[in-house]
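Undergrad: I have a structure here, written as structure tokens, and I will follow up with some questions on it.
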Amino acid sequence: MPPIRVLFVCAKNQWRSPTAAAIYQNDARLTVRSAGLSPQSRCVVSAKLLAWADLVMVMENRHAARLRERFRAEMELPEIVSLDIPDDFPFMDATLIDLLRSAVEIQLDDWLAS
């Protein structure tokens with residue numbers, strides 16, 4: 001089975017989504033990228049990134065809603081799931097890593113089981 005292409009998305013691509021990408025970058029099950037919804041993001045979500053992804057993992061439900069609102073008319077979106085990770089932690093914070101690992105593994109188990 002080829003690796004699952006996962007796009008991690010948060011608001012500014014500053015803390016949460018880059019942390020998720022960093023901790024999963026060497027996972028053989030995945031190929032990962034990260035992006036943000038804000039125009040000031042380090043890497044801004046684009047139709048090209050969404051087309052690349054098999055699965056989009058957003059940090060909050062509002063991120064999923066914004067993706068659907070922004071891109072639904074121009075393309076068929078990949079599956080989008082929310083990890084429910086609050087914007088309370090800096091990049092690579094130990095608690096953030098624990099929360100991400102737990103939430104991502106649940107979503108990956110569901111994805112691989114389907």
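Every residue, every condition in (1) exposed (fewer than 13 other Cβ atoms within 10 Å of the Cβ); (2) out of contact with any strand residue (DSSP E or B) (no Cβ under 9 Å at 6 or more places or on another chain); (3) under 20 Å from Ser114 (Cβ atoms); (4) not charged (D, E, K, R), yes or no:
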{"position": "Val6", "(1), (2), (3), (4)": "no, no, yes, yes"}
{"position": "Asn26", "(1), (2), (3), (4)": "yes, yes, no, yes"}
{"position": "Leu30", "(1), (2), (3), (4)": "no, no, yes, yes"}
{"position": "Pro39", "(1), (2), (3), (4)": "yes, yes, no, yes"}
{"position": "Ser46", "(1), (2), (3), (4)": "yes, no, no, yes"}
{"position": "Ala64", "(1), (2), (3), (4)": "no, no, yes, yes"}
{"position": "Ala73", "(1), (2), (3), (4)": "yes, yes, no, yes"}
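Undergrad: Give the residues of the range 90-114 that are surrounded by 11 or more Cβ atoms within 10 Å (Cβ to Cβ) and of a type in the set (A, V, I, L, M), sorted by residue number.
TA: Matches in the range 90-114: Met92, Leu96, Ile97, Leu99, Leu100, Ala103, Val104, Ile106, Leu108.
Undergrad: Of everything in the range 87-114, what is of a type in the set (D, E, K, R) and closer than 16 Å to Tyr24 by Cα? Give them in sequence order. Can you show your working first?
TA: Initial filter on the range 87-114 (of a type in the set (D, E, K, R)): 87-88, 93, 98, 101, 105, 109-110.
Within the range 87-114, Asp93, Asp98, Arg101, Glu105, Asp109 meet the criteria.
Undergrad: Taking the range 75-89 on its own, how many of its residues are loosely packed, with under 11 Cβ neighbours inside 10 Å and not charged (D, E, K, R)?
TA: Residues that pass the stated criteria total 1.
Coordinate-derived values only; no laboratory data. Computed from a predicted structure; not experimentally measured. Using ideal geometry, Cβ is built from the backbone for each residue, glycine included, and neighbour counts are taken over all protein chains shown.
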